[in-house]
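**Student:** I'd like to ask you about the structure that follows.
The values are calculated or read from the model by the stated rules, or taken from the named source; none is laboratory data. These figures come from a predicted structure and were not determined experimentally. Using ideal geometry, Cβ is built from the backbone for each residue, glycine included, and neighbour counts are taken over all protein chains shown.
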DNA sequence: CGCAGTTAGTTGGGCATCAAACGATAAACT
DNA sequence: AGTTTATCGTTTGATGCCCAACTAACTGCG
């Protein structure tokens, strides 16, 4: 069965992107060693496209949160899971996967791991023996509290970048995108 | 070597999220078949967090673009790659990876595949025999044109959701997040 | 010159994710 | 009741991504 550390330490990450300024097609300033020659890369239409910027921003933010949640010894994926279980006691795995925007099969190892580590309790339902009901244990609640603290710090960080004026509208747009595309 | 279609058809996807209204802990409305009982799931603090909404929006948008680029028989990952090569002829793989925000090792199979399919030309440099210079072939340019059309349709779609008034500010914020977090 | 340190690209290992297929169970329809 | 269809969670196979380690090649400093 090889229980191995599913979703183990997400470890570092960076991908600085190194966004250059201009749009020259200069190609190859040939940075000699140690010179940090700031290669001017043209992003062309990419720079103006929402999809591309959305991806870059999401990944940066995700990695930042990864680092934070590591401080608590959890991976970011656990966080949404624990929160949703906490807020919806007895939720099934399928409901959980829909809420989290993941495929249900992705959740199998996650839940398995959380159960194994005593964060989540999984019980079969009386009236439908296919589904599980998920609930947090005391340990799970404690971990969630810690993770929530991390998340708050992370959010403060993002808030600072966005600015309080635009924050509400920004989230509203994100929700609209998630809900209305296609 | 198993050349298989690297980054092949991304195929379907959905993850509707099915955002429900309230926050009851009612547990198990027990939707009978065909009833589509709209289980009310509480997102708790998640609903207000930027990170979570960013992830959901990005994934929705990405999947939508996946579907579109499939119409042209390409995967979304190819698109940024082709665009960046087109705008920066002779770019190296490492520069490319930094611009695209990916690890350079992620680009190895991508470039390999694009070369194999005659989209990209890879030539060793005279003065540094480690690096490659990448350039689009005629076929590559043609494919890029098609992909760009897809992307424009996709962007129009996103624009419609965001609204012209907020678009500029929205992108600005995304860029700031990508650049300034941590 | 010659070796230490750095850089370009590849390889291998691991994780997260999705899709399709599957077994068990439940509901719907006749 | 019996058959068909839908649903829950798991399994399997594939992809994309990261990181660390590796090889080849280049640079710099003595």
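**Student:** Filter segment A:121-137 for residues that are surrounded by 15 or more Cβ atoms within 10 Å (Cβ to Cβ), more than 22 Å from residue A:73 (Cβ to Cβ) and away from DNA strand D (no atom under 12 Å from the Cβ) and give the result.
**Tutor:** none
**Student:** To continue, here is another question. Any idea which of (1) within 11 Å of DNA strand D (Cβ to nearest atom); (2) in a helix (DSSP H, G or I); (3) in contact (Cβ under 8 Å) with a residue 24 or more places away in the chain is the one residue B:59 doesn't satisfy?
**Tutor:** Of (1) within 11 Å of DNA strand D (Cβ to nearest atom); (2) in a helix (DSSP H, G or I); (3) in contact (Cβ under 8 Å) with a residue 24 or more places away in the chain, only one is false for residue B:59: (1).
**Student:** OK, next. Can you tell me which residue among B:133, B:165, B:153 is in a helix (DSSP H, G or I) and touching a residue at least 24 places away in the same chain (Cβ under 8 Å)?
**Tutor:** None of the others qualify; the one that does is B:153.
**Student:** Can you tell me which condition residue B:118 does not meet? The list is (1) more than 7 Å from every other protein chain (Cβ to nearest Cβ); (2) touching a helix residue (DSSP H, G or I) at 6+ places or on another chain (Cβ under 6 Å); (3) assigned to a helix (DSSP H, G or I), and all the others hold.
**Tutor:** (3)
**Student:** To continue, here is another question. So which residues in segment B:70-82 are in a helix (DSSP H, G or I) and out of contact with any helix residue (DSSP H, G or I) (no Cβ under 8 Å at 6 or more places or on another chain), if there are any at all?
**Tutor:** B:70
**Student:** Only one residue in B:51, B:118, B:140, B:101 is exposed (fewer than 15 other Cβ atoms within 10 Å of the Cβ) and away from DNA strand C (no atom under 11 Å from the Cβ), so which one is that?
**Tutor:** B:118
**Student:** Filtering segment A:121-137 down to residues that are within 12 Å of chain B (Cβ to nearest Cβ) and modelled with pLDDT under 95, which residue is nearest to DNA strand C (Cβ to nearest atom)?
**Tutor:** Here the residue is A:128.
**Student:** Which condition breaks for residue A:85 when tested against (1) more than 7 Å from every other protein chain (Cβ to nearest Cβ); (2) farther than 14 Å from residue A:111 by Cα; (3) part of a helix (DSSP H, G or I); (4) away from DNA strand C (no atom under 12 Å from the Cβ)?
**Tutor:** Only one criterion is unmet by residue A:85, namely (2).
**Student:** Let me ask another. Among the residues of segment A:49-74, how many are within 18 Å of residue B:153 (Cβ to Cβ) and more than 7 Å from chain B (Cβ to nearest Cβ)?
**Tutor:** The total comes to 0.
**Student:** With the structure loaded, tell me whether residue A:78 is surrounded by fewer than 17 Cβ atoms within 10 Å (Cβ to Cβ) and away from chain B (no Cβ under 12 Å) or whether it fails that test.
**Tutor:** Judged against the criteria, residue A:78 is not a match.
**Student:** Let me ask something additional. Identify the residue in segment B:147-162 that is touching a helix residue (DSSP H, G or I) at 6+ places or on another chain (Cβ under 9 Å) and more than 8 Å from chain A (Cβ to nearest Cβ) and, among all such residues, is nearest to residue B:117 (Cα to Cα).
**Tutor:** Among them, the one singled out is B:147.
**Student:** Out of everything in segment A:20-32 that is within 14 Å of DNA strand D (Cβ to nearest atom) and either modelled with pLDDT of 85 or more or within 17 Å of residue B:98 (Cβ to Cβ) (or both), what residue ends up being nearest to the other protein chains (Cβ to nearest Cβ)?
**Tutor:** Checking each candidate, the answer is A:28.
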